[in-house]
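A short worksheet on the structure shown next.
The values are calculated or read from the model by the stated rules, or taken from the named source; none is laboratory data. What you are looking at is a predicted structure, and each value in this text was computed from that prediction instead of being measured. Every residue, glycine as well, gets a Cβ built from its backbone with ideal geometry; the counts of neighbours run over all protein chains shown. We work out accessible area using only protein heavy atoms, side chains counted, and drop any ligands, DNA or RNA first. Shrake-Rupley method; radii C 1.70, N 1.55, O 1.52, S 1.80 Å.
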Amino acid sequence: MANSRSRKQVRLSRALGIALTPKAERYMQRRPYRPGEHGRGRTKDSDYSVRLKEKQRLRAQYGIRESQLRTMFDEARRIDGQTGENLIELLEMRLDALVLRAGFARTIAQARQVVVHRHILVDGRIVDRPSFQVKPGQVIQVKARSQASDQFLMAAQGVHRDVLPNVPEYLDVELEKLKFTLVRRPKRAEVPVACDVQLVVEFYSR
């Protein structure tokens, strides 16, 4: 089951042109082209397919369903400011995304699992919803009973840092304590996702 999921992630990564897991990163370094018989050829994508692919790339990096992304987009459009930047900020303040950025997990799928399995406290209370929107000033920590498990002992030693971007400045992370604080709202330029967010806005605005 795990191998099947891993192969699926590699194939999706190749299709979208972005590594979604460390394994996909290694694979794509060897085969930097799309899967399928036409993967090595050059094809001209339509404007629609370019926007669709960018939306799929964003969705895949956060590991969310289409309905979740659409809901986030509608919310981003209601907030003052640029819709695209608002969208990235809202996605980045999801609990699972921040657990990944802090180095508690190696992939977004692992981060989501950590939350769902009730290992994470927000301001001292268990939160098991990956989509939970963290507010600036809130403190996130692995609960005491979970900190002795192998996966978190390894995380506290920084074993995931080799595959993760540098910790962004909107987080104050105490990795050895498996604890972090969202200092402020993220800014689009600081968020380590590969996406031309204007294309996503255009896709939903068509």
Query raised in the report: Do you know which of the residues in the stretch 78-88 that are without any contact (Cβ under 8 Å) to a residue 40 or more places away in the chain and touching a helix residue (DSSP H, G or I) at 6+ places or on another chain (Cβ under 7 Å) is most open to solvent (accessible area, probe 1.4 Å)?
Result: Ile79
Query raised in the report: Which is of a type outside the set (Val, Ile, Thr), touching a residue at least 40 places away in the same chain (Cβ under 8 Å) and either open to solvent by 80 Å² or more (accessible area, probe 1.4 Å) or at negative phi (or both), of Pro130, Pro192?
Result: Pro192
Requested in this report: Assess whether Gln198 counts as being open to solvent by 30 Å² or more (accessible area, probe 1.4 Å) and either in a loop (DSSP other than H, G, I, E, B) or within 21 Å of Arg106 (Cβ to Cβ) (or both).
Outcome: no
Query - Only listed residue being more than 19 Å from the chain's Cα centre (by Cα) and either buried (at least 19 other Cβ atoms within 10 Å of the Cβ) or without any contact (Cβ under 8 Å) to a residue 12 or more places away in the chain (or both), chosen from Leu91, Leu100, Leu153 - result: Leu153
Requested in this report: Would you kindly identify the helices (runs of 4 or more DSSP H) lying entirely within the stretch 41-92 that contain at least 1 residues that are among the aromatic types (Phe, Trp, Tyr)?
Outcome: 47-62, 66-78
Report summary line: Checked against (1) open to solvent by less than 50 Å² (accessible area, probe 1.4 Å); (2) of a type outside the set (Ser, Thr, Tyr); (3) modelled with pLDDT of 95 or more, Leu164 satisfies every condition except (3)
Requested in this report: Taking the residues in the stretch 103-127 that are of a type in the set (D, E, K, R), under 21 Å from Tyr170 (Cα atoms) and outside any helix (DSSP H, G or I) as candidates, determine which candidate is farthest from the chain's Cα centre (by Cα).
Outcome: Asp123
Requested in this report: Could you list all residues from the stretch 144-157 that are of a type in the set (Gly, Ala, Ser) and either more than 12 Å from Leu178 (Cβ to Cβ) or assigned to a loop (DSSP other than H, G, I, E, B) (or both)?
Outcome: Ala148, Ser149
Query raised in the report: Which pairs have Cβ atoms under 9 Å, sit 6 or more apart or on different chains, and link a residue in the stretch 158-171 that is closer than 17 Å to Ala109 by Cα and part of a loop (DSSP other than H, G, I, E, B) to one that is open to solvent by less than 20 Å² (accessible area, probe 1.4 Å) and of a type in the set (Phe, Trp, Tyr)?
Result: His160/Phe104
Report task. Quick one: Glu174 ticks every box in (1) under 17 Å from the mean Cα position of the chain (by Cα); (2) loosely packed, with under 15 Cβ neighbours inside 10 Å except a single one, so which number is it? Result -> (1)
